[in-house]
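**Q** Got a structure for you, questions after.
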Amino acid sequence: MPHGLSTEHEELRRTVETFAREEVAPVIGDYYERGAFPYDIVAKMGRMGLFGLPFPEEHGGMGGDYFALCLALEELARVDSSVAITLEAGVSLGAMPIYRFGSDEQKKTWLPRLCSGEALGAFGLTEPGGGSDAGATRTTARPVDGEWVINGTKSFITNSGTDITVLVTVTAVTGERDNGRPEISAILVPAGTPGFSVGQKYSKVGWNASDTNELVFDDCRVPQANLVGERGRGYAQFLRILDEGRIAIAALSVGLAQGCVDESLRYAAERETFGKHIGQYQAIQFKIADMEARAHTARLAYYDAASRMLAGEPFKKQAAIAKLAASNAAMDNSRDATQIFGGYGFMNEYPVGRFYRDAKILEIGEGTSEVQRMLIARELGLPT
Amino acid sequence: MGVQGGWPPAMNIVVLVKQVPDTATERKLSSDDKTLDRAASDGVINELDEYAIEEALLLREKHGGEVTVLTMGPDQATDSIRKALSMGADKAVHVNDEALHGSDALQTAYALSRALGRMEFDLVVLGSESTDARTGVVGAALAEYLELPQLTLAGKVDIEGRAIKVQRLTDYGYDVVEAQLPAVVSVVEKINEPRYPSFKLIMQAKKKPVEKLTIADAEIDAAKVGLANATTETVDFAPAPPRAAGTIVKDEGDGGTKVADFLAEKKFV
């Protein structure tokens with residue numbers, strides 16, 4: 001059985017680890033407090049090639065694989081989840097649908113900029129009325145005079161309203177199937193297209209240095225060539241994107257869970273009560289041991305899902321398990337870490353408070369924990 | 001890769017790198033021969049060498065040419081070579097021979113000068129010191145062995161034609177030092193901000209040529225290197241004492257005076 005990371009993956013992991021510690025950690029707290037998007041950090045991540053990690057060099061990518069992206073996400077999230085989710089969404093949701101399903105023209109137009117990190121793309125799936133139930137999509141795109149006319153609203157769309165956002169790919173109902181179900185397609189809408197407006201910026205519990213907006217389409221017209229992939233395949237395409245995305249979110253969750261261990265170890269060696277370092281108390285030792293065990297097992301789960309995916313094997317169940325286990329680990333570890341920090345854990349000046357606020361969304365985004373359980377049950381053959 | 005064959009001719013730059021024990025871990029000497037215990041801590045590339053590599057890459061981007069990494073060290077030094085290649089250097093030369101074990105700064109400079117003698121270069125760039133031995137003399141000694149001008153402690157490097165001009169950092173500011181290429185330049189960390197390797201370069205690094213040399217290959221005289229022939233000797237060593245608790249000055253109206261007295265006592269003022 002192969003053991004450990006390849007030299008290249010390990011070197012990438014170490015590089016991103018150093019970058020996160022030296023470039024992100026010292027400044028991110030301030031962005032988070034202000035709810036500001038960290039343009040300079042994103043630009044540096046772009047120069048390192050992080051946004052191009054899983055894409056071939058011909059499109060401006062780094063010629064790496066999806067696992068490389070996962071390692072980068074884990075190391076970033078050990079320090080901060082806002083920058084990690086900005087990368088995750090930029091790659092998996094912004095560029096990946098175009099790379100995987102887009103036309104040559106679309107790839108040529110958009111991928112080099114998206115891979116460089118100088119521009120961001122977004123994916124508009126969730127609506128006010130639903131997320132994973134993509135079949136309930138209300139947004140419509142009617143073909144009129146060689147154009148799509150888009151109407152509807154999208155919710156919680158990451159990277160959709162930054163100064164460097166250049167496009168959003170939206171799912172929309174483009175007709176009706178023979179069986180009466182809606183036909184759903186994916187359509188690329190460049191930023192600044194008349195009729196496309198970025199609505200309210202949300203006030204969020206966590207991920208405060210990431211960009212999340214509501215999008216409104218009001219008779220927004222784009223050329224018919226902006227269809228991404230096949231007409232009527234929007235739903236199926238999105239499922240593939242989400243399966244991959246779950247591994248990425250699992251990696252990000254493992255990073256947060258590990259960051260909680262890092263911070264707790266540091267604090268346990270520093271903080272004294274009753275004449276001893278708190279790390280000398282078994283109550284703290286056991287907590288940290290449990291935290292490490294959760295982070296480690298969740299990491300193995302996402303490594304397994306990623307290796308199956310790269311080998312071209314089915315990975316839907318493993319991705320769901322990884323996402324479920326890792327988001328649990330993140331939530332549990334952030335709760336334990338803030339407890340270890342006591343009153344300081346409740347203060348925003350320490351990273352663990354930020355980890356606590358950032359953990360909850362991991363049980364919700366890219367499929368809730370309930371959706372993961374539903375998928376696992378389905379993969380086990382339980383009746384639907 | 002820069003422009004080759006243009007005018008002015010593209011530059012061949014050699015960057016010296018050294019694998020050192022990670023300063024973040026506990027570093028030890030081994031008790032039997034009083035040399036560095038390499039097994040005791042993780043090896044990393046010497047921090048200042050990253051600035052030297054960055055400067056070489058910047059010069060290549062500006063003038064064209066090739067950046068070659070030269071290191072002397074045991075097998076583990078391949079980690080540092082890979083790091084340098086991942087940052088963008090074109091190729092590497094690794095001098096690795098058991099006979100070099102325990103060489104001091106002067107012998108290291110001699111051995112490196114022999115390896116450089118086989119190479120074509122316009123410029124040698126190195127960090128002004130390493131974080132392990134911290135002698136800071138290899139650059140100067142190397143320039144002497146090569147009989148080339150040395151421009152040390154560079155905070156800025158400019159090259160025009162065959163003329164090289166550096167700002168040599170001093171306690172009071174900087175001196176401007178000029179010479180003709182080929183030359184040896186040692187850099188300080190103020191000079192630039194080293195880049196992070198991209199994954200593309202990380203993956204390309206393993207395909208880049210690394211030439212391995214023994215002392216025979218490099219025509220290094222075995223009688224002039226190694227612990228037995230060293231010009232310096234480690235007589236004794238002891239672990240650093242644990243850091244003592246700091247002094248806390250309580251301000252009862254005379255805090256300023258107390259701080260000044262403390263600094264005077266420690267001869268800081």
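The values are calculated or read from the model by the stated rules, or taken from the named source; none is laboratory data. A quick note: this is a predicted structure, and the numbers were derived from the prediction, not measured. FYI the Cβ positions are ideal-geometry reconstructions off the backbone, even for glycines, and counts take in every protein chain you see. Ligands, DNA and RNA are excluded from the accessible area calculation, which covers all protein heavy atoms including side chains. Shrake-Rupley method; radii C 1.70, N 1.55, O 1.52, S 1.80 Å.
**Q** With the checklist (1) part of a loop (DSSP other than H, G, I, E, B); (2) free of Cβ contacts under 8 Å to residues at least 24 places away in the same chain; (3) on the phi < 0 side of the Ramachandran plot; (4) at the interface with chain B (Cβ under 10 Å from one of its Cβ atoms) in hand, flag the one item A:Gly64 doesn't pass.
**A** Of everything listed in (1) part of a loop (DSSP other than H, G, I, E, B); (2) free of Cβ contacts under 8 Å to residues at least 24 places away in the same chain; (3) on the phi < 0 side of the Ramachandran plot; (4) at the interface with chain B (Cβ under 10 Å from one of its Cβ atoms), A:Gly64 misses just condition (2).
**Q** Of these, A:Val83, A:Val79, which one is more than 11 Å from every other protein chain (Cβ to nearest Cβ), part of a loop (DSSP other than H, G, I, E, B) and in contact (Cβ under 8 Å) with a residue 60 or more places away in the chain?
**A** A:Val79
A quick yes/no check of all residues on (1) within 25 Å of the chain's Cα centre (by Cα); (2) farther than 22 Å from A:Val91 by Cα; (3) aromatic (Phe, Trp, Tyr):
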| residue | (1), (2), (3) |
| --- | --- |
| A:Pro143 | no, yes, no |
| A:Val149 | no, yes, no |
| A:Ile157 | yes, no, no |
| A:Leu167 | yes, no, no |
| A:Thr171 | yes, no, no |
| A:Ile184 | yes, yes, no |
| A:Leu188 | yes, no, no |
| A:Val198 | yes, no, no |
| A:Val216 | yes, yes, no |
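**Q** Quick one: which residue in A:Gly124, A:Gly61, A:Gly90, A:Gly102 is surrounded by 18 or more Cβ atoms within 10 Å (Cβ to Cβ) and over 30 Å from A:Asp304 (Cβ atoms)?
**A** A:Gly124
**Q** Something else now. Whether any residue in the stretch A:200-218 is under 17 Å from A:Leu76 (Cβ atoms), among the acidic types (Asp, Glu) and in a loop (DSSP other than H, G, I, E, B) is what I want to check.
**A** Taking the stretch A:200-218 as the starting set, the residues that turn out to be under 17 Å from A:Leu76 (Cβ atoms) are A:206-211.
Remaining after also requiring among the acidic types (Asp, Glu): A:211.
If we keep only those that are in a loop (DSSP other than H, G, I, E, B) too, we end up with A:211.
Looking through the stretch A:200-218, at least one residue is under 17 Å from A:Leu76 (Cβ atoms), among the acidic types (Asp, Glu) and in a loop (DSSP other than H, G, I, E, B).
**Q** Given the condition within 21 Å of the chain's Cα centre (by Cα), under 20 Å from A:Leu76 (Cα atoms) and open to solvent by 60 Å² or more (accessible area, probe 1.4 Å), answer yes or no: does some residue in the stretch A:335-352 qualify? If you could, list the steps in order and put the result at the bottom.
**A** Restricting attention to the stretch A:335-352, the residues satisfying the condition of being within 21 Å of the chain's Cα centre (by Cα) are A:351-352.
If we keep only those that are under 20 Å from A:Leu76 (Cα atoms) as well, we get A:351-352.
After this cut, where a residue has to be open to solvent by 60 Å² or more (accessible area, probe 1.4 Å) as well, the list is none.
Checked against the condition, which is being within 21 Å of the chain's Cα centre (by Cα), under 20 Å from A:Leu76 (Cα atoms) and open to solvent by 60 Å² or more (accessible area, probe 1.4 Å), the stretch A:335-352 yields no hits at all.
**Q** Now, a different point. Does the stretch A:155-170 contain any residue that is free of Cβ contacts under 8 Å to residues at least 60 places away in the same chain and in a loop (DSSP other than H, G, I, E, B)?
**A** For the stretch A:155-170, residues free of Cβ contacts under 8 Å to residues at least 60 places away in the same chain and in a loop (DSSP other than H, G, I, E, B): present.
**Q** Select, from B:Leu58, B:Leu112, B:Leu116, B:Leu85, the only residue that is at negative phi, part of a helix (DSSP H, G or I) and open to solvent by 40 Å² or more (accessible area, probe 1.4 Å).
**A** Working: B:Leu112 fails: open to solvent by 40 Å² or more (accessible area, probe 1.4 Å); B:Leu116 fails: open to solvent by 40 Å² or more (accessible area, probe 1.4 Å); B:Leu85 fails: open to solvent by 40 Å² or more (accessible area, probe 1.4 Å).
Sole residue among the options that is at negative phi, part of a helix (DSSP H, G or I) and open to solvent by 40 Å² or more (accessible area, probe 1.4 Å): B:Leu58.
**Q** Examine the stretch A:194-201 for a residue that is open to solvent by 40 Å² or more (accessible area, probe 1.4 Å), at pLDDT below 90 and not assigned by TED's automatic domain parsing to the domain that holds A:Ala306, and state whether such a residue exists.
**A** yes
**Q** Next up: Are there any pairs with C-beta distances below 6 angstrom linking a residue in the stretch B:221-238 that is more than 16 Å from B:Ala105 (Cβ to Cβ) and open to solvent by 90 Å² or more (accessible area, probe 1.4 Å) to a residue that is basic (Lys, Arg) and in a loop (DSSP other than H, G, I, E, B), with the two at least 6 apart or on different chains, and if so which?
**A** So the pair list comes out empty.
**Q** Is one or more of the residues making up the stretch B:142-160 loosely packed, with under 15 Cβ neighbours inside 10 Å and on the phi > 0 side of the Ramachandran plot?
**A** Within the stretch B:142-160, one or more residues are loosely packed, with under 15 Cβ neighbours inside 10 Å and on the phi > 0 side of the Ramachandran plot.
**Q** Hey, another quick one. Tell me, which residue of the stretch B:161-210 that is of a type in the set (Val, Ile, Thr) and within 14 Å of another protein chain (Cβ to nearest Cβ) is most open to solvent (accessible area, probe 1.4 Å)?
**A** Going through the qualifying residues, I end up with B:Val210.
**Q** Here is a follow-up. At least 3 residues that are within 12 Å of chain B (Cβ to nearest Cβ) in each: list the helices (runs of 4 or more DSSP H) lying fully within the stretch A:1-49 that qualify.
**A** In the stretch A:1-49, A:7-19, A:39-47 are the helices (runs of 4 or more DSSP H) which contain 3 or more residues that are within 12 Å of chain B (Cβ to nearest Cβ).
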